[in-house]
Amino acid sequence: MEAKAQVELSPEILATLVEIGEEINASLDLDHVLEKAAALVKRLVNYEIFAVMLLDEASRELYFRFAIGHRPEVVEKWRVPVGKGITGTAAETRRPVRVADVQQDGRYINAVDSVRSEIAVPIMFKGKCIGVLDIQSREVDYFTRDQQNILALVAGRLAGAIENAQLFEGTRRQADTLLVLNEVAREASSILDVEELLRRTAELIKRVIDYQMLSILLYDDARKVFTRSVDVKYGRSEHNKMNYATTQGIVGAAVALRQPVLVPDVHADARYLMANPDTRSELAVPLLYKNRVVGVLDLESPQLNYFTEQHVQALSILAASLAVSLENARLYEQVARDEARMERELQAARRIQGALLPQVPTEDYGLDIAARYESAREVGGDLYDFLRYGPQQLGIAMGDVSGKGSAAALYGAVVTGILRSLAAQKLPPAEILRALNTIVCERRIEGRFMTAVFATWQKGRRKLRIANAGQWQPLLWKNGKCEKIRLEGLPIGIEDVVTYDELGFTLDPGNILVFYSDGITETAGPSGEMYTAARLADLVAGNHQLGSQELADLIFRAVERFSEGAPMADDRTLVILKIK
């Protein structure tokens, strides 16, 4: 057994008290302050168990801030209400409590079985109790009144140091929280997948608040319904899709009020709807984007008074940036869906346009015919067609609508329909172009026009007649030379009244007629130089012995090689007629 300590306020004691004052005022690190204070108190009072318990103002409970001799589970989990136990009584009465034999005192809360005596001294700052200094011994009636007075003096010196250290800790914690919030916001803003953003946000919030239960709910303000959520309960996460409206509960209150709702005790709040039996306190923070609710952050805890105003402040800052990130992710998701839908529609349009391209006539018109078409986009504005004027006569058309893409393709489809309706009249080339221009101008579309060339071939007389409305001049290989057919004309759809010139040729077996679009002759090489009609004419002249199919394939391969595989800038269309 230890001998009972006899302590007087000797010069040595006063010197130690001065040293305690100097030590605790020399640092703002509360752990360091309390550790040094415990060591110096040991020189004055030979305790066995030492603790400094601080007061949680919100819950009115004492919790262990520093301890020697207590079991870890007691230090970590025990909270003593003000007014309960020896320490709670000291906090409530604001007066020291010295107990000679705790086993004879009904207030004692047994933390260490072998303890027999205890002193609890309130730590007072500006008239308020901010904690309790508590020491214990395994001997009965171990502590004296002098030791109680010494502890009161130590507690007085500790009060200011604790308050300063807590203020410093709070400021540092706030700065650390702002840094974390900035990092969280920056990371969240880089995520454009909603499901991934919800999952990652749940992980990032854990760095700001050590929650047990969390829900992030997405809200459709237009339909007034929640659409999906991510729920995390004690570390387990799950995603849910939903479609329900609510104006009830703590979450509904946050949506209605458009501001955070903090509930220290859910069972004392009439708005609470029990979803988790473990819940005792809750915090719901709306995610606002341009004053529109896009979601709610909802945190729940099995502890009463768990969430603080600091949590509200931190989550409100996070909610502002998270709302923007969620809106960006949802817009991106919507754009991705729209693009996928457009892609599907364009691919369908490409298949339809490909199916609508006319087949080379199977009838014997005395011609070896080849036709090729390759679009720079999903659908294109180039067109070609074959119009059967009769068993001996064939009409050949090629056109190029201004612009590209679906609008040009639709314009071209309309023009093709008009051409086919005119075919029954068996008009000569110049007349069919004039009639086509008149009808198109009646339906004029601002900023749209097309170039076209039209020819008729009469098998028995081997007669070709041709007219041009601004299309690239066709090539004719005849008499050992490949030259342009020099015809020009105003494109279709610009002027209401237009006439077109027409030329006629008698062709011999082996002669070749080549219709082509600017997607071939204006294909650029690596240096920016164009393929040109001159190169095309040389290629035709040098390979005039080939059949139409082989020659068409050769031309497309040559153009592709010239571009060195660069993406197509315009549609490539080719029709070749070789006289049999």
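Some values worked out for this structure:
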| quantity | calculated |
| --- | --- |
| Of the criteria (1) free of Cβ contacts under 8 Å to residues at least 60 places away in the same chain; (2) aliphatic (A, V, I, L, M); (3) part of a loop (DSSP other than H, G, I, E, B), which one VAL312 fails | (3) |
| Selection count where residues are surrounded by 15 or more Cβ atoms within 10 Å (Cβ to Cβ), among the hydrophobic types (A, V, I, L, M, F, W, C) and out of contact with any Lys or Arg (no Cβ under 8 Å at 6 or more places or on another chain), scope the range 531-554 | 5 |
| Condition broken by ILE191, with the remaining ones in (1) at pLDDT 75 or above; (2) crowded, with 18+ Cβ neighbours inside 10 Å satisfied | (1) |
| THR201, sole failed condition from (1) at pLDDT 80 or above; (2) touching a helix residue (DSSP H, G or I) at 6+ places or on another chain (Cβ under 8 Å); (3) assigned to a helix (DSSP H, G or I) | (1) |
| Candidates GLN303, GLN259 - the one that is over 29 Å from GLN334 (Cβ atoms), outside any strand (DSSP E or B) and not assigned by TED's automatic domain parsing to the domain that holds SER59 | GLN303 |
| Options ILE492, ILE439: the member that is free of Cβ contacts under 8 Å to residues at least 40 places away in the same chain and β-branched (Val, Ile, Thr) | ILE439 |
| Identity of the residue in the range 379-416, among the aromatic types (Phe, Trp, Tyr) and closer than 17 Å to ILE492 by Cα, that ends up modelled with the highest pLDDT | TYR384 |
| Search result, residues across the range 341-378 that are under 27 Å from THR521 (Cα atoms), among the small types (Gly, Ala, Ser) and at pLDDT 65 or above | ALA370, ALA371, SER375, ALA376 |
| Selection count, the range 116-142, where residues are of a type in the set (A, V, I, L, M, F, W, C), over 14 Å from ARG95 (Cβ atoms) and crowded, with 24+ Cβ neighbours inside 10 Å | 1 |
| Number of the condition not met by THR499 [criteria: (1) among the β-branched types (Val, Ile, Thr); (2) crowded, with 19+ Cβ neighbours inside 10 Å; (3) farther than 21 Å from MET568 by Cβ] | (2) |
| Cross-chain or 6+ apart pairs with Cβ under 8 Å, the range 67-91 first and closer than 21 Å to GLN103 by Cα and touching a residue at least 24 places away in the same chain (Cβ under 8 Å), then of a type outside the set (A, V, I, L, M) and in a helix (DSSP H, G or I) | VAL80/THR87; VAL80/GLY88; VAL82/GLY88; VAL82/GLU92 |
| ALA537 being over 24 Å from LEU394 (Cα atoms) and touching a strand residue (DSSP E or B) at 6+ places or on another chain (Cβ under 7 Å) | yes |
| Single unsatisfied condition, THR456 versus (1) of a type in the set (S, T, N, Q); (2) under 58 Å from the mean Cα position of the chain (by Cα); (3) crowded, with 22+ Cβ neighbours inside 10 Å | (2) |
| Any hit, the range 223-233, residues being out of contact with any helix residue (DSSP H, G or I) (no Cβ under 6 Å at 6 or more places or on another chain) and at pLDDT below 75 | yes |
| Close pairs (6 angstrom Cβ cut-off, 6 or more residues apart or separate chains): touching a residue at least 60 places away in the same chain (Cβ under 8 Å) in the range 256-268, hydroxyl-bearing (Ser, Thr, Tyr) anywhere | PRO264/SER281 |
| Qualifying position, being over 24 Å from LEU44 (Cα atoms) and touching a strand residue (DSSP E or B) at 6+ places or on another chain (Cβ under 7 Å), among ILE109, ILE123, ILE119, ILE130 | ILE109 |
| Residue ID - surrounded by the fewest Cβ atoms within 10 Å (Cβ to Cβ), chosen from residues in the range 48-94 that are out of contact with any strand residue (DSSP E or B) (no Cβ under 7 Å at 6 or more places or on another chain), among the basic types (Lys, Arg) and part of a loop (DSSP other than H, G, I, E, B) | ARG71 |
| Subset of the range 293-330 (residues that are under 22 Å from ARG186 (Cα atoms) and charged (D, E, K, R)) | ASP298, GLU327, ARG330 |
| Residue check for GLY525: farther than 21 Å from GLY547 by Cα and in contact with a Lys or Arg (Cβ under 8 Å, 6 or more places away or on another chain) | no |
| Qualifying residue in the range 39-50 (condition: modelled with pLDDT of 90 or more and among the small types (Gly, Ala, Ser)) | no |
| Residues located in the range 496-520, provided they are of a type in the set (Val, Ile, Thr) and over 60 Å from the mean Cα position of the chain (by Cα) | THR506 |
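The values are calculated or read from the model by the stated rules, or taken from the named source; none is laboratory data. Just so we're clear, the structure is a prediction, and the values are computed from it rather than from any experiment. When we count neighbours, we look across all protein chains shown, and the Cβ atoms used for this are built from the backbone with ideal geometry, even at glycine.
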